[in-house]
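Trainee: My questions all concern the structure below.
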Amino acid sequence: MLKKGSFLILLGLLLGLFPALSQNVNITNQEDFATLDISENDKLRDGLSGYFGGIHNNHLIIAGGSNFASGKPWEGGEKQVFDDIIIGSLSDTGAKWQLSSKKLPAKLTDGASASTAEGLVCTGGTGPEGINDDAFILSITGDEVNLTPLPPLPVPVKGHSMTAIGTTVYLAGGESPEGPSSKMWSLNMISPESGWQQMADMPEARTGMILEAQSNGKETALFAIGGRVKKPEDSVTTFKTKVWSYSPTHNKWTVKGAIRTEDASQPLTLAVAAGAPSGASHIIVVGGDPGTQYNKIEKAINQMAENPEAAAKRDSLWMNHPGFNNQILVYNTITDKWFSTAQWEGKAPVMAKMIPWNNKYLIPMGEVSPGTRTSQIKALTVSTSPQFGWLNYLVLGLYFAGMLYLGFYFVKKDGDVDDYFKAGGRIPWWAAGISIFATTLSAITFISIPAKTYATDWHMLVFQLCIILIAPFVIRYFLPFFRRFNLSTAYQYLELRFNSTIKWLASALFILFMITRIAVVLYLPSLALNAVTGFDIYLSIILMGVVTIIYCTSGGIEAVVWGDVIQGIILMGGGIVAFIFMLTGIEGGFSGFTEIVISHEKLRIFDFSMDLSKPVFWVVLLGGIANTLILYTSDQSVVQRYMTTKDEKETGRSIWLNGIISIPVSITFFLLGTGLFAFYYSNPERLAATNPNIDSVFPQFIVGELPAGVAGLLISAIFAAAMSTLSSNINSVASVFTSDFYISIVKKASQKRSMMVARISSIVIGILGIGMALVLATWSIESLWDQFNTFLGLLTSGIGALFLMGIFSKRISPQAALSGLIGGLIITLMIKQMTDVSFLLYGAIGLISSLGIALLVSLVLPNKKDINRLTYRSLIGKK
């Protein structure tokens with residue numbers, strides 16, 4: 001059987017000799033989406049720039065703005081500023097225009113706007129009456145426009161920028177009557193009456209910059225791109241090339257790198273460009289003024305007082321303007337790298353907006369040369385063309401066939417429930433150790449840990465290695481109870497120590513958590529694979545779920561354990577192969593990799609600050625110890641492995657083996673994350689800007705960069721990671737349901753009927769997990785690794801506390817234990833809702849609060865039950 005598994009691995013590696021089918025990423029398409037056609041006002045037909053623009057209730061809102069409808073500047077024409085509000089009802093075929101009867105509070109241009117759930121928030125601007133401090137919301141009800149005033153700005157401002165994070169809008173930069181501004185303000189849209197709050201100043205003043213919200217891998221941050229400034233003492237405007245990043249959590253600005261594509265010899269300068277976030281970690285930028293011609297025009301204007309011929313030179317510069325930046329640029333907010341994805345078709349705009357809508361980016365109008373606007377509304381799409389190939393599908397098909405064969409190989413027609421869930425103690429200690437490792441590894445590790453490390457650093461390594469600290473504690477204090485009482489499930493000890501109510505409650509909580517976990521484990525790889533291979537998310541969930549249900553239901557725990565062994569080998573081998581290919585794609589190989597990750601502090605592990613809202617060392621260590629303790633002492637999917645070996649000593653060796661191999665495996669997966677960062681830092685254009693979440697980064701590398709066959713093997717490894725955990729979860733939940741509920745209630749149940757219940761419950765649990773995963777597929781979750789650990793802390797910390805209560809305290813009664821379980825859950829939920837404490841601490845908070853409450857209640861309601869041999873002091877040393 002193992003030889004067959006090895007043959008599949010070898011076959012996959014041989015297929016890897018075929019060349020790669022590189023993924024076609026960042027395919028850029030442009031189309032003429034609509035033309036502004038407003039018959040009620042001929043001056044608007046020339047197009048607008050500097051307008052307020054955004055989307056609300058599937059309507060495009062364009063308000064205010066300016067043009068030169070009365071003549072070009074060199075013809076003596078003057079800028080026309082408007083107070084009109086234009087509404088475009090959107091459909092796939094274009095826009096149906098309507099000029100609202102409502103007007104803006106004043107004729108305004110060069111203001112700023114941001115789309116929110118409440119409507120389009122508009123601020124500032126300038127017009128015939130000077131710089132404005134108005135703030136208001138434009139919203140759409142039906143086809144009617146509503147204008148709702150907001151608190152006025154602290155100072156009048158124009159040329160500033162705005163964006164939104166959740167319910168908070170941010171305003172930064174611009175020019176006030178006193179000159180260029182470096183101020184930033186925020187307004188909470190839930191309670192706007194509280195007014196604008198001043199935030200940290202930008203490093204320097206800027207106008208005409210892009211301000212967009214996007215993930216930096218740790219949080220949703222603000223990114224200020226480009227811009228320009230002209231101070232009173234300057235003769236010409238300075239155009240900016242740097243990117244700045246603002247952390248809302250720390251209220252702090254950080255200077256990033258310059259705007260520079262791989263083929264640019266010098267950094268690019270851009271002002272009044274349009275930008276919008278794309279995917280999980282990119283910002284797309286179109287248009288923008290590089291400033292070269294702008295500065296020439298300024299110099300000519302400065303010379304006009306002394307040299308009349310300078311006016312003719314100015315007019316010539318206007319009329320012969322070469323146009324604006326025509327590269328469509330993409331910025332990766334994690335690697336701080338740029339690339340160009342395409343050239344703008346026609347004349348690129350400035351002073352326009354880039355508005356996400358229906359998987360497109362609408363760029364309405366804008367200025368295409370001095371004094372000239374366009375009435376065109378362009379639509380831009382960026383997409384990825386997945387290419388998986390028949391060889392990869394063949395390898396994947398062989399893997400699924402092998403897993404199905406495994407289940408039928410171990411099927412036993414005359415087995416009993418004990419054999420089905422414990423394998424009759426036949427599992428070797430080393431196989432049990434690998435099985436524990438594979439069960440706890442899962443797709444959450446194989447995909448999310450590299451993604452998390454790619455986005456951040458190695459601060460979570462301590463969390464992964466806490467098993468080394470916990471292993472001796474588990475072996476000495478917990479393992480004797482599970483082995484010497486010959487328990488079918490971990491929760492049967494709780495019945496012995498407390499009562500059946502406590503057991504049933506703990507078992508029910510475990511089942512609830514496992515169904516949730518099954519859903520997450522199914523959904524995560526399906527989502528990531530959909531983004532990079534085109535696999536249908538729902539089909540992937542169903543395929544993984546059904547194949548796993550078949551093989552783990554047919555062969556029981558023995559099929560699950562040996563499947564884990566094969567899958568664990570595939571996982572580790574696949575990770576090593578992927579890392580080698582990463583190094584070959586980085587300029588300079590391993591030395592280049594080292595230089596990149598060290599210069600960007602990607603190997604940082606320790607942060608000794610005392611911020612409990614962040615994964616600093618203390619948070620990671622305490623959270624890791626608590627969550628690992630919960631997992632290895634009260635999680636039936638792990639505890640069940642303790643029962644599959646022949647004796648307690650063998651089980652202890654399997655726990656140590658799991659802990660030991662966790663060290664190189666954890667380091668390997670963290671290296672994968674830093675390798676991904678270094679690879680895409682060196683090759684920014686090869687990462688799809690459309691990836692819906694950071695968890696897709698490793699699967700995309702597999703499909704886009706690895707040879708055909710090897711890619712199929714690595715994708716199989718992702719499925720293996722999911723299915724090893726999935727099979728363990730299904731079997732352990734079936735074990736809990738059959739032993740703790742069915743056999744406990746139906747005292748005289750026959751072995752045949754119990755086996756039928758075991759298999760049926762496996763199928764039902766698997767189907768429930770599949771159903772919940774299909775529901776998750778309709779939600780948006782930024783990091784499923786974070787989500788999983790949140791579930792772990794909230795739903796299982798109380799169960800872990802019950803075992804600590806029972807084993808280490810004789811005083812705690814069933815009533816006190818129940819009070820501790822419920823009270824700990826309530827406290828953890830309150831802390832989650834009312835504080836910003838890191839989710840990593842939920843497990844520790846649940847454990848400590850449950851224990852504390854139980855001990856306090858036991859002072860009033862002490863234990864009166866005879867618990868001889870049920871606590872540590874009375875059991876150890878007695879066989």
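Trainee: Does L687 fit the bill of being in contact (Cβ under 8 Å) with a residue 24 or more places away in the chain, crowded, with 23+ Cβ neighbours inside 10 Å and over 18 Å from S278 (Cβ atoms)?
Mentor: Details: in contact (Cβ under 8 Å) with a residue 24 or more places away in the chain: yes; crowded, with 23+ Cβ neighbours inside 10 Å: yes; over 18 Å from S278 (Cβ atoms): no.
No: the conditions fail for L687.
Trainee: Consider the stretch 637-662. How many of its residues are in a helix (DSSP H, G or I), over 23 Å from I569 (Cα atoms) and either touching a residue at least 12 places away in the same chain (Cβ under 8 Å) or among the hydrophobic types (A, V, I, L, M, F, W, C) (or both)?
Mentor: Step one: filter the stretch 637-662 for residues in a helix (DSSP H, G or I), giving 637-642, 648-662.
Now narrow it down to the ones that are over 23 Å from I569 (Cα atoms): 648-649.
Add one more test, that the residue is either touching a residue at least 12 places away in the same chain (Cβ under 8 Å) or among the hydrophobic types (A, V, I, L, M, F, W, C) (or both), and what stays is 648.
Number of matching residues: 1.
Trainee: Another question about this same structure. Looking only at the stretch 256-283, which residues are touching a helix residue (DSSP H, G or I) at 6+ places or on another chain (Cβ under 9 Å) and under 20 Å from K230 (Cα atoms)?
Mentor: Correct list: T269, A271.
Trainee: While we're here: Kindly indicate whether any position in the stretch 614-632 is among the hydroxyl-bearing types (S, T, Y) and either surrounded by fewer than 24 Cβ atoms within 10 Å (Cβ to Cβ) or within 30 Å of L583 (Cα to Cα) (or both). Working first, answer last.
Mentor: As a first pass, look at the stretch 614-632 and keep what is among the hydroxyl-bearing types (S, T, Y): 628, 632.
Filter once more, keeping what is either surrounded by fewer than 24 Cβ atoms within 10 Å (Cβ to Cβ) or within 30 Å of L583 (Cα to Cα) (or both): none.
Scanning the stretch 614-632 turns up no residue that is among the hydroxyl-bearing types (S, T, Y) and either surrounded by fewer than 24 Cβ atoms within 10 Å (Cβ to Cβ) or within 30 Å of L583 (Cα to Cα) (or both).
Trainee: Could you please find all residues in the stretch 825-847 being in contact (Cβ under 8 Å) with a residue 40 or more places away in the chain and surrounded by 15 or more Cβ atoms within 10 Å (Cβ to Cβ)?
Mentor: Across the stretch 825-847, the qualifying residues are K832, V837, S838, F839, L840, L841, Y842, G843, A844, I845, G846, L847.
Trainee: All but one of (1) over 19 Å from L211 (Cα atoms); (2) touching a residue at least 60 places away in the same chain (Cβ under 8 Å) hold for R228, so report the exception by its number.
Mentor: Going through the list (1) over 19 Å from L211 (Cα atoms); (2) touching a residue at least 60 places away in the same chain (Cβ under 8 Å), R228 breaks only (1).
Trainee: Follow-up. Please indicate, with yes or no, whether at least one residue in the stretch 86-103 is in contact with a helix residue (DSSP H, G or I) (Cβ under 8 Å, 6 or more places away or on another chain) and crowded, with 17+ Cβ neighbours inside 10 Å.
Mentor: So far as the stretch 86-103 goes, yes, one or more of its residues are in contact with a helix residue (DSSP H, G or I) (Cβ under 8 Å, 6 or more places away or on another chain) and crowded, with 17+ Cβ neighbours inside 10 Å.
Trainee: Shifting gears a bit: Which members of the stretch 475-498 meet the condition of being of a type in the set (D, E, K, R) and under 39 Å from the mean Cα position of the chain (by Cα)?
Mentor: To start, the set of residues in the stretch 475-498 that are of a type in the set (D, E, K, R) comprises 476, 483-484, 495, 497.
R476, the sole residue that qualifies.
Trainee: Name, by its number, the condition in (1) farther than 19 Å from R206 by Cα; (2) modelled with pLDDT of 95 or more that does not hold for W253.
Mentor: (1)
Trainee: Still on this structure: From the residues in the stretch 415-429 that are in contact with a helix residue (DSSP H, G or I) (Cβ under 6 Å, 6 or more places away or on another chain) and part of a helix (DSSP H, G or I), which one is farthest from G217 (Cα to Cα)? Spell out the reasoning first.
Mentor: The first filter runs over the stretch 415-429 and keeps only residues in contact with a helix residue (DSSP H, G or I) (Cβ under 6 Å, 6 or more places away or on another chain), leaving 416-417, 420-421, 423, 427, 429.
When the remaining residues are screened for being part of a helix (DSSP H, G or I), the result is 417, 420-421, 423, 429.
On the way: V417: 47, Y420: 44, F421: 41, A423: 44, W429: 40 Å.
Result: V417.
Trainee: Restricting to the stretch 172-200, count the residues that are under 15 Å from P156 (Cα atoms), assigned to a loop (DSSP other than H, G, I, E, B) and either without any contact (Cβ under 8 Å) to a residue 24 or more places away in the chain or among the aromatic types (F, W, Y) (or both).
Mentor: Here the count works out to 2.
Trainee: Across the stretch 261-273, which residue is nearest to the chain's Cα centre (by Cα) among those that are closer than 15 Å to I283 by Cβ and of a type outside the set (S, T, N, Q)? Reasoning before the result, please.
Mentor: Filtering the stretch 261-273 for residues closer than 15 Å to I283 by Cβ gives 261, 268, 270, 273.
After this cut, where a residue has to be of a type outside the set (S, T, N, Q) as well, the list is 268, 270, 273.
On the way: L268: 30, L270: 29, A273: 27 Å.
Top of the filtered list is A273.
The values are calculated or read from the model by the stated rules, or taken from the named source; none is laboratory data. Everything quoted here is computed from the prediction, not taken from an experiment. Virtual Cβ from ideal backbone geometry, glycine too; neighbours counted across all protein chains shown.
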